[in-house]
Structures are given as structure tokens and as C-alpha cells.
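The values are calculated or read from the model by the stated rules, or taken from the named source; none is laboratory data. Computed from a prediction, not measured in an experiment: that's the story for all the values here. FYI the Cβ positions are ideal-geometry reconstructions off the backbone, even for glycines, and counts take in every protein chain you see. Surface areas here come from the heavy atoms of the whole protein model, side chains and all, with no ligands, DNA or RNA. Shrake-Rupley method; radii C 1.70, N 1.55, O 1.52, S 1.80 Å.
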Amino acid sequence: MKLICNQKILSQKISIVQKAINNRTTIELLKGILLSTENGNLKLIGSDAEIRIETFVQSEIEEDGKIVLDAKLFGDIIRKLPDSFVQIETDTNNNVHIYCENSRFTIKGHSAEDYPLISDIEENKMYSIPQELLKEMIKQTSFATSQDQSKPVLMGELLESANGTTSLVAIDGYRLAVRSCFIDGFNENIKVIIPGKTLIDINSLMQGEGDINIGFTDKNAIFMIDNTKIITRLLEGDFIDYNRLLPKEYNSRIKLKSKELLNSIERAALLSQSEKNNLIKLSIRDNLMIITSNTDRGNVYEEVSLELEGEYLDIAFNSRYLMEGLRYIDSEEIYIEFTTNVNPCIIKPVDEIDYTYLLLPVRISSNM
């Protein structure tokens, strides 16, 4: 292999494929990036056997070939080189020589013949989604995925399309986030579970302009963003029937400004020292919500104006979970619907965005 490419572009592309590399893997080749020449360009691939990311770097190819290089070492070298053109060439002993202005590196590569890859999937049926819309859907749900490895299905998000509506759903046992919308072209029934980490990586790769194309097989999902392809294995198992968790009625509903509520809860949470000591109590009355928190460090009192429909209520929540839902709801005013102080509440925007955040309360103790 012998080629010349731009240092800055190459560095950017390396950082993209590094998102797929898991340094904890026991397969040494998967700690590396596969470099190969294809259609007159340099192709980079990173993989951990569950996800594969591949992208292209516009290059001047003098000699075709392929090699696997340690991802961290190769990335660090290219990132530190001058903003100029980089020449990369290999020899018969799998040594890789890197030249850029006055810098010269020779590093050991590995044969690409045994590099394991997820099998390519057919790209016959692809769905287009505006990047800006998918970024919003991921942002409003991904924070609610579970981190409990004993429940791998809940570490993913359900992508469901039916009856003209497409939804992205995340649940971790304490809260549930659902973002739904109409997407032109999603006219088939789809129900797949995509790893949450993959969606977060995809979110970081999207620039917010143009479309992203998505396709599915029985075991994989494929995402195409310009000349970057992400292939990920779908999670197997049955996702929770989330519709059964959503209350169909309420005894109390309040309307208030989301930013005002978030700011008050953030101040109330300042006294929290740990995950186990971050509870806040909400006392809902005619036109007022009183927010209190009592800890070993002190106590806090906040008031927020509201419009109440229904009964008075005293209820407590994990402040972090409540704040996360409010941060991502992206609406000036919200409704919060309650049945009792031990049943889940529903938070949703007043505007027409189809977003639902369900949160379990914490039982109120006598010292709150």
C-alpha cells in the first residue's frame, strides 16, 4: 500500500471509526483499525464484533493494499502530525512508514487477512430520516436507557414504526422516555432494539443537515451518513410493553414553565451528596408548587407558580431523574399528570411535540 492524504481529514476520520473500538476486547486485531484501498480512496474500518464503522478518506493511491494498525497509536501519531499531507506506505514485513514534512514514523502493522467483520447486509431497503429530527429523538430518549448489564435489552432503545407513527423508546426501570413523530417513507411495521451506545455514537456523527439512511435485517441495523457507514447488531429479546405502563387518566394535572421548574430543582439538588441522598419533595397546591429538600447539609425551600386541575398532592422524586427529563423535554411549558403519590407521573410538553416522560416517585418518609 502506498498513498497520500490530508492529515486533518485523516485524523477526523480515524476519530470516527475509533468509536467502534473496544480496548477491553481479547481479540488483538479488533484493537486496530483496518486500512484498505477501495475505489481510489483509503477506507478505514473499526469494529468490536458488535458494531462496525467504516468511512472513506479522499486519497491519492499509488499502490493498493490493506493493513491493520493499532488504533490508539495510529490515531495519536496522525493527530500530532503537522497540518499537511501524509504519506503512508507498507512493506512486505507489515511495517508501516508514515511521512509528513519533517516527521518520520515506522510502526508495526498486522496482516488484514484475519480481521473479523460483521457480515455485510443488503442495502436494498433504506429509510431516510432528517438528521436534525433523529438527533432530537435520540437526545430526548437515550439518557433513560438502562446501564444494568443484567438487563441487556433495556440497554437498548426500541425503534417502532406502526400506523404511520415512528417512536424511539428508552426505559431503565425508574423512568420511561418516548419520542414519536411522523416520518415520511416509514410506511412499514418495524420493531427493533438498537444498542443505546450505538445511537449515542450516531448522534455524535450527525451534523444536523441532510438525511440519514437506515436499513434493517433480522440481526443488524445499518446507518448511512454521507460516506460513513455504521453497522450494528440488534439486541435480541422482548422489549417491555411500554404502552401498558402509561397511565390512562389522572387525578391532578399541573401546567407550569419548564425552565422555572428546572432551575428551582437544580438549586434544591445542591444539597445532595450522593445518589441515595438526592430526594426532593413537591407539595402541589392551588397555584403553587413548594419544593423542599432536607439533608445532613441543610434544607432548601423553593416556590414555582402553576395552574392546577384536580387534587392537592405531596410527592417525592429522585432529583437527578426529574432534572434529566426536564432538560430534554425542549418546551417552554409542560404538563405534569399525577394519579397518586406512589404511582408514576407523566411529563409532556404543552406544544404539539409528541414526547412523554414517565417517572416513578419515591415514597415519602416522615423526615422529608
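Does Ile280 count as closer than 30 Å to Ile51 by Cα, surrounded by 14 or more Cβ atoms within 10 Å (Cβ to Cβ) and either within 19 Å of the chain's Cα centre (by Cα) or not charged (D, E, K, R) (or both)? Considered against the rule, which asks whether it is closer than 30 Å to Ile51 by Cα, surrounded by 14 or more Cβ atoms within 10 Å (Cβ to Cβ) and either within 19 Å of the chain's Cα centre (by Cα) or not charged (D, E, K, R) (or both), Ile280 comes out as no.
Kindly indicate whether any position in region 231-250 is assigned to a strand (DSSP E or B), in contact with a Phe, Trp or Tyr (Cβ under 7 Å, 6 or more places away or on another chain), more than 30 Å from Gly40 (Cβ to Cβ) and modelled with pLDDT of 95 or more. No, region 231-250 has no match at all. Would you mind stating whether Tyr321 is open to solvent by 50 Å² or more (accessible area, probe 1.4 Å) and part of a helix (DSSP H, G or I)? No; evaluated as a whole, the condition is false for this residue. Selection within region 320-352: residues that are of a type in the set (A, V, I, L, M) and touching a residue at least 24 places away in the same chain (Cβ under 8 Å). The member of this set that is farthest from Glu260 (Cα to Cα) is Ile346. Yes or no: Arg233 of a type outside the set (Val, Ile, Thr), surrounded by 14 or more Cβ atoms within 10 Å (Cβ to Cβ) and within 17 Å of Lys348 (Cα to Cα)? It is false that Arg233 is of a type outside the set (Val, Ile, Thr), surrounded by 14 or more Cβ atoms within 10 Å (Cβ to Cβ) and within 17 Å of Lys348 (Cα to Cα).
If you go through region 1-43 and keep only what is in a loop (DSSP other than H, G, I, E, B) and within 14 Å of Ile88 (Cα to Cα), you end up with just Met1. Check whether at least one residue in region 272-283 is more than 28 Å from Arg179 (Cα to Cα), touching a residue at least 24 places away in the same chain (Cβ under 8 Å) and out of contact with any helix residue (DSSP H, G or I) (no Cβ under 8 Å at 6 or more places or on another chain), and report yes or no. Yes, some residue in region 272-283 is more than 28 Å from Arg179 (Cα to Cα), touching a residue at least 24 places away in the same chain (Cβ under 8 Å) and out of contact with any helix residue (DSSP H, G or I) (no Cβ under 8 Å at 6 or more places or on another chain). Picking from residues in region 287-322 that are more than 19 Å from Asn251 (Cβ to Cβ) and of a type in the set (Gly, Ala, Ser), the one that is farthest from the chain's Cα centre (by Cα) is Gly298. Taking region 23-38 as the range and being in contact with a helix residue (DSSP H, G or I) (Cβ under 7 Å, 6 or more places away or on another chain), of a type outside the set (D, E, K, R) and open to solvent by less than 70 Å² (accessible area, probe 1.4 Å) as the test, the residues that pass are Thr25, Gly32, Ile33. With respect to the conditions (1) surrounded by fewer than 18 Cβ atoms within 10 Å (Cβ to Cβ); (2) of a type in the set (D, E, K, R); (3) not in a loop (DSSP other than H, G, I, E, B), Asp351 falls short on a single one, namely (3). Which ones in region 180-232 are within 21 Å of Phe56 (Cα to Cα) and acidic (Asp, Glu)? Those that are within 21 Å of Phe56 (Cα to Cα) and acidic (Asp, Glu): Asp201, Glu209, Asp211, Asp226.
For region 39-57, name all the residues that are in contact with a Phe, Trp or Tyr (Cβ under 9 Å, 6 or more places away or on another chain) and crowded, with 21+ Cβ neighbours inside 10 Å.
Leu42, Leu44, Ile45, Ser47
The residues on offer are Glu132, Glu157, Glu188, and the sole one that is within 20 Å of Ile347 (Cα to Cα), of a type in the set (D, E, K, R) and either within 13 Å of the chain's Cα centre (by Cα) or open to solvent by 30 Å² or more (accessible area, probe 1.4 Å) (or both) is Glu157. Only one residue in Ile347, Ile336, Ile353 is out of contact with any Cys (no Cβ under 9 Å at 6 or more places or on another chain) and of a type in the set (Val, Ile, Thr), so which one is that? Only one candidate passes the filter, namely Ile347.
Report yes if Ile280 is among the aliphatic types (A, V, I, L, M), modelled with pLDDT of 95 or more and either in contact with a Leu (Cβ under 7 Å, 6 or more places away or on another chain) or more than 30 Å from Thr217 (Cβ to Cβ) (or both), otherwise no.
no
In the condition set (1) surrounded by 17 or more Cβ atoms within 10 Å (Cβ to Cβ); (2) within 28 Å of Glu157 (Cβ to Cβ), Lys248 is compliant with all but (1). Taking the criterion of being over 23 Å from Ile21 (Cβ atoms) and open to solvent by 10 Å² or more (accessible area, probe 1.4 Å), the residues of region 194-216 that qualify are Gly208, Glu209, Gly210, Asp211, Asn213, Phe216.
If the condition is being open to solvent by 40 Å² or more (accessible area, probe 1.4 Å), touching a strand residue (DSSP E or B) at 6+ places or on another chain (Cβ under 7 Å) and without any contact (Cβ under 8 Å) to a residue 60 or more places away in the chain, then region 73-90 contributes only Leu73.
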